[in-house]
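Contents: one structure, followed by commentary.
What follows is calculated from the coordinates using simple rules that are stated; it is not laboratory data. Predicted model only: the values in this text are computed from it and were never measured. As a convention, Cβ positions derive from the backbone with ideal geometry for all residues, glycine included, and neighbour counts pool all protein chains shown.
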Amino acid sequence: MHISPVPLSWYLLLSALLFALGVAGFLYRKSIITVFMSIELMLNAVNLTFISFSYKLRQIDGHIYAFFVMVVAAAEAAVGLAIILTIFKNRGTLQIDEVDSMKL
Amino acid sequence: MDTVLFVIFAIVSLICAFNVVLQTHPISSALSLVGVMGSLAVLYLLLGAEFLAMTQVIVYGGAVMVLFVFTIMLLNAGSEKSSSKSWFAQIAGLPLLLAFVALMGFLIKGVMPALPAVRFGSFIGGTAEQIGRLLFTEYLLPFEVISILILIAILGAVVLARKEID
Amino acid sequence: MTLWLIPFFPLLGFLINGLFGKRLSKPAVSLFAVGSVALSFIYVLILLSKLYPLTTPYTEHDFTWIHSGFLQVGFDLTVDRLTALMLMIVTGVGLLIHTYATGYMQHEEGYARFFSYFNLFMFFMLVLVLASNLLVLFVGWEGVGLCSYLLVGFYYKEKFASDAANKAFIVNRIGDFGFLLGIFLVVMTFRTLDFGQIASAVSSMPVETNAGILTAITLLLFAGATGKSAQIPLYVWLPDAMAGPTPVSALIHAATMVTAGVYMVARTAFLYNHSTIAMSVVAVIGLFTAVLAATIGVAQNDIKRVFAYSTVSQLGYMFLGLGLGAYSAGMFHVMTHAFFKALLFLGAGSVIHGLGGEQDLRHMGGLRKSMPITFVTLGIASLAISGFPFLSGFYSKDAILSAAYEHAPWMFWIGALTAGLTAFYVFRAFFLTFFGTYRGHHHPHESPLSMTFPLIVLAILSAIGGFFSVPHLLAPLFPLSTGPENITPMIISASFGILGILIAYVFYVANPALAETVRVRAGGLYTLVLNKYYVDEIYAAFIVRPLEVLSRYGLWKAVDVGLIDGAVVDGGGRLVRSVGGLLRQLQSGSIRNYATWVMAGSLIVIFVLGLVGGSVR
């Protein structure tokens, strides 16, 4: 049975959906760690976009960018989690709604 | 074959992504996220990005997520309570997201010029050799900067975490 | 031959006495004050003798004041025969009054201040008289108004004095508004303010019988004159201005400042000659003012008030003369009036001084024995103002009334009747003061020489001043009327005058009770006249009060407090505050809120980029 190949636009659409889900998680979750994970989800979605376009353009610059994104994500995860630890140490809570002392 | 793989793993990644958002306990979200990473790695392979697929699994799945799980367990993060103070995000968030997806869909389908179909094996440029060559010639400066960034991140993490132990 | 020296001497006196007066002794102050005026007077004499015969004007351009577009205004001074007459009057009579004031003000505090203001007044008056264009004249005009304010309010610690000073200045200002509008129209029409240039420009224009630009100009300038020279409707400040020291009343409100309006009209006669409406207005207002003021003067009890209303009335005569085209007759009366009115005021001041400050006629009487010099001099003045034959007032009044007889007989008859009234009320005051028995409680004594000497000089001038024929003097400027002199008006007006004196004698010397009876019988009419026809009260109710209400509730409460403070100033603040308060909500401290906003913003950016960016190849 011949199944037609997948057009690239589906990959892009998937990426968009994943990104949207990442944003949703960022907006609707209360725990800081979960919010952080949503950020990682968003970054992954973007990586997918980069690689899709790289496929289309037949160049691997997109791969390089995705690579860099990954590196930065990793660094960010490390530092961010350290910050979360500090917040937990100082405020005793992981709910982002309670970390609002910058309120006017 | 590629189509089937794509469909399966796309669905898997979507389900896992939904799970990340919808699960109450952080651990479940973390594990779902690992699933997303894995499916994405397969998708990268389909697109001909071998090096990146491997990197994804190793770095994301093997390091970042492990870090997340460690932290969750260290902090003993429990299930979320249901209080909500931010009404604005609740109300405005959903329409915004839908608008976003719609906009993206429109741009992708309508505005973009014709996109080729994806055939596994059609693009073989994503080898380690190719990436390495580019990394050390054209993108040398960013590469070096990124190295320093990692160094700073390590230092930062050590300093931040260290205060706690005292 | 520098003309600016003439006003310069009094200016110097003002500066010296003003800046250093407190540290100088009284004789030193008097020396500078009187000396500066004396220097001016002597210089005027020298100048005029050099410039004789002065058939054409002598002009001097000191510096260019305004040079803007087409308008060139210089600080120019000019002397012609009209100016010469005024210069002699101002410096001569001014010198006499300054001398008198050294005696009168001897025991007052603020001696130096008084003389510095007095000298400043002389400066401005001389600038006014010497002016060669409307703007310099206006500078002098305003300046004398200022000095009038300063001097009327000399006893500033008394409320009625400072009120009177305010009234004088403000009412003057109203007239000056009209004057300014007139100046603007002159600039618009003639593109110059110089008298000579306007005169030559207007000579080619036709005489306006209907309302036209020249009528507008002359009427507006005359409005200023009604303020400065106390005519209807702006005369109300003059009687109140008697709150100032008597030398002030003599100099400013008799001899010089109030005649500035008359001088101005004579100066701009070339404009008035071209507007029949304006001339009629001037004459009618002059006539009615003369009558009105004379009737009020009949009932007043304060000696200075009687003379104040007399001044208003005589000024009316002068304007009557001007309005009838008899400019030199009007100026003739200016001169004789300066003599006898100054004398009347100075004499009244002498009486007041001798009675220790008493001004009410009802508390005087029988002073002819204790103050003989004052008695004689005041008698001469009273005869002069009544138009007693061969004294100065007789000739000048006759000149005006003859002109009336020829042009508008009805004006003549009213004027003649008023002359009779004038004689009556002046002699009423005279008889009440010097005849009968003394009704007061002081020890009357004659005044010192510094005061009696000017009285004597002025009395001589009041007596013989009529022989100095001003109409012949001013003939190069205002051609004499040809034709035989008509004796009839002369006889009629003189008879009315003498009749007035006789009636006053009857009422106040022969049969004093008669005056009382008439007063009681007249009842309401008497009260009406005593209260000056309630004109001040009418003005207060219909003009001042609405203005006050408008100011307080309209402009202050509504506009200033409500609109400007409330809406603009406070409102601006409140607006900023509320917007800030609104924007502040954004800073909720909640990360999720921030993220939502970022999302919304980036959506917009994507949308725009998608529309604008187009496809990327």
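What value, in deg cm²/dmol to 500, does the helix sum -39500 (n - 2.57) over DSSP H runs of n ≥ 4 give at 222 nm once divided by the residues of chain C? Please report the intermediate quantities before stating the final value.
Numbers: 27 runs with 415 residues, N = 617.
Rounded to the nearest 500, the figure is -22000 deg cm²/dmol.
Relative contact order for region C:145-239: what percent, with Cα pairs under 8 Å and sequence separation of 6 or more? Before the final figure, lay out each step's value.
Details: 102 pairs, mean separation 30.9, N = 95.
Reported relative contact order: 32 percent.
What FRET efficiency would be calculated for the residue pair residue C:146, residue C:20, taking the C-beta separation as r and a Förster radius of 30 Å, to the nearest 0.05? Spell out each step's value before the answer.
On the way: r = 21 Å, r/R0 = 0.71.
Efficiency for this residue pair is about 0.90.
Using 1/(1 + (r/R0)^6) with R0 = 51 angstrom and r between the beta carbons of residue C:605 and residue C:199, what's the FRET efficiency to the nearest 0.05? Could the numbers behind the result be given before it?
On the way: r = 79 Å, r/R0 = 1.55.
Efficiency at R0 = 51 Å is approximately 0.05.
If I fit a long axis through the Cα atoms of helix C:303-323 and take the longest principal axis of the Cα atoms of chain C, what angle between them do I get, 0 to 90°, rounded to 10?
Its long axis makes an angle of about 80 degrees.
Would you calculate a helix-derived [θ] at 222 nm for chain B, using -39,500 (n - 2.57) for each DSSP H run of n ≥ 4 and dividing by the full residue count, to the nearest 500? Don't skip to the end; give the middle numbers.
On the way: 7 runs with 115 residues, N = 166.
The helix contribution divided over chain B gives -23000 deg cm²/dmol.
Among the DSSP beta bridges whose two residues both lie in the protein assembly as shown, what percent are antiparallel, rounded to the nearest 5?
Details: 15 of 16 bridges.
Given both bridge residues lie in the protein assembly as shown, the antiparallel proportion sits at roughly 95 percent.
Count, for each residue of B:33-39, the Cβ atoms from other chains sitting within 10 Å of its Cβ, then give me the mean as a whole number. If you can, show how the numbers build up before the last one.
Numbers: counts 7, 0, 0, 8, 3, 0, 2.
Neighbouring Cβ atoms belonging to other protein chains average 3 per residue here.
With the cut-off at 1.5 for a/c, could you classify region C:370-508 from its C-alpha gyration tensor as rounded, prolate or oblate? Each step should come with its number before you reach the end.
Numbers: a/c = 3.63, a/b = 1.62, b/c = 2.24.
In terms of gyration-tensor shape, oblate.
Once amide H atoms are built 1.01 Å from N in the peptide plane, which residues 5 or more positions from residue C:275, or in another chain, come under 5 Å H to H?
Residues meeting the criterion, in which the H sits 1.01 Å from N, are C:208.
Helix hunt in chain B: which complete DSSP H runs extend at least 18 Å axially by C-alpha with mean Kyte-Doolittle at least 0.0? Walk me through the numbers on the way to the answer.
Working: long enough: B:2-22 (29 Å, 2.47); B:26-46 (30 Å, 1.83); B:87-106 (29 Å, 1.92); B:140-165 (38 Å, 2.02).
Those that clear 18 Å and a mean of 0.0 are B:2-22, B:26-46, B:87-106, B:140-165.
On a straight-distance basis, which aspartates and glutamates could pair with residue C:369 in a cross-link, Cα separation under 18 angstrom, same-chain partners fewer than 8 positions away excluded?
Leaving aside aspartates and glutamates fewer than 8 places away in the same chain, those within reach of residue C:369 are C:358, C:446.
Just counting partner chain Cβ atoms within 10 Å, what average do the residues of peptide B:98-110 show around their Cβ? Present the calculation step by step, with values, prior to reporting the outcome.
Numbers: counts 1, 5, 11, 7, 1, 5, 9, 5, 2, 8, 8, 4, 1.
Taking the mean over all residues of the peptide, I get 5.
Relative to the longest principal axis of chain C, what angle (0 to 90°, nearest 10) does the C-alpha long axis of helix C:372-385 take?
70
Below 8 Å, C-alpha to C-alpha, sequence gap of six or more: please give me the relative contact order for region C:1-75 in percent.
Details: 46 pairs, mean separation 21.7, N = 75.
Relative CO of region C:1-75 lands at 29 percent.
Under 1.5 on a/c is rounded, so check that first for chain C, then, if it is not, pick prolate when a/b is larger than b/c and oblate when it is not; a ≥ b ≥ c are the square roots of the alpha carbon gyration tensor eigenvalues. Write out the running numbers ahead of the final one.
Numbers: a/c = 2.09, a/b = 1.78, b/c = 1.18.
Prolate shape, in that a/c is at least 1.5 and a/b is the bigger ratio.
For the pair residue B:150 and residue C:52, how long in nm is the line joining their label points, each one 7 Å along Cα→Cβ?
Going from the residue B:150 label point to the residue C:52 one covers 12.1 nm.
Would you mind checking C:167/C:557; C:159/C:228; C:157/C:228; A:56/B:109; C:341/C:397 for any pair whose Cα atoms are more than 18 angstrom apart?
On the way: C:167/C:557 25 Å; C:159/C:228 23 Å; C:157/C:228 25 Å; A:56/B:109 15 Å; C:341/C:397 14 Å.
Check vs 18 Å cut-off fails for C:167/C:557; C:159/C:228; C:157/C:228.
Report the local net charge at residue C:360: Lys and Arg +1, Asp and Glu -1, summed over other residues whose C-beta lies under 11 Å from its C-beta.
Working: positive: C:304, C:305, C:362, C:439; negative: C:302, C:358.
Taking every Cβ under 11 Å from that of residue C:360, the sum is +2.
Relative contact order for chain C using alpha-carbon pairs under 8 Å, separation at least 6, rounded to a whole percent?
Working: 975 pairs, mean separation 70.4, N = 617.
Contact order relative to length: 11 percent.
Counting only DSSP beta bridges with both residues in chain C, what percent are antiparallel, rounded to the nearest 5? Spell out each step's value before the answer.
Values: 12 of 13 bridges.
In chain C, approximately 90 percent of DSSP beta bridges are antiparallel ones.
Averaged across A:82-93, how many Cβ atoms of other chains sit within 10 Å of each residue's Cβ atom? Walk me through the intermediate numbers first.
Details: counts 12, 4, 6, 8, 4, 1, 6, 4, 1, 0, 0, 0.
Average neighbour count from other chains, rounded to a whole number: 4.
Where does helix C:409-434 land angle-wise versus the long Cα axis of chain C, in degrees 0 to 90, nearest 10?
Rounded to the nearest ten degrees, it is 80.
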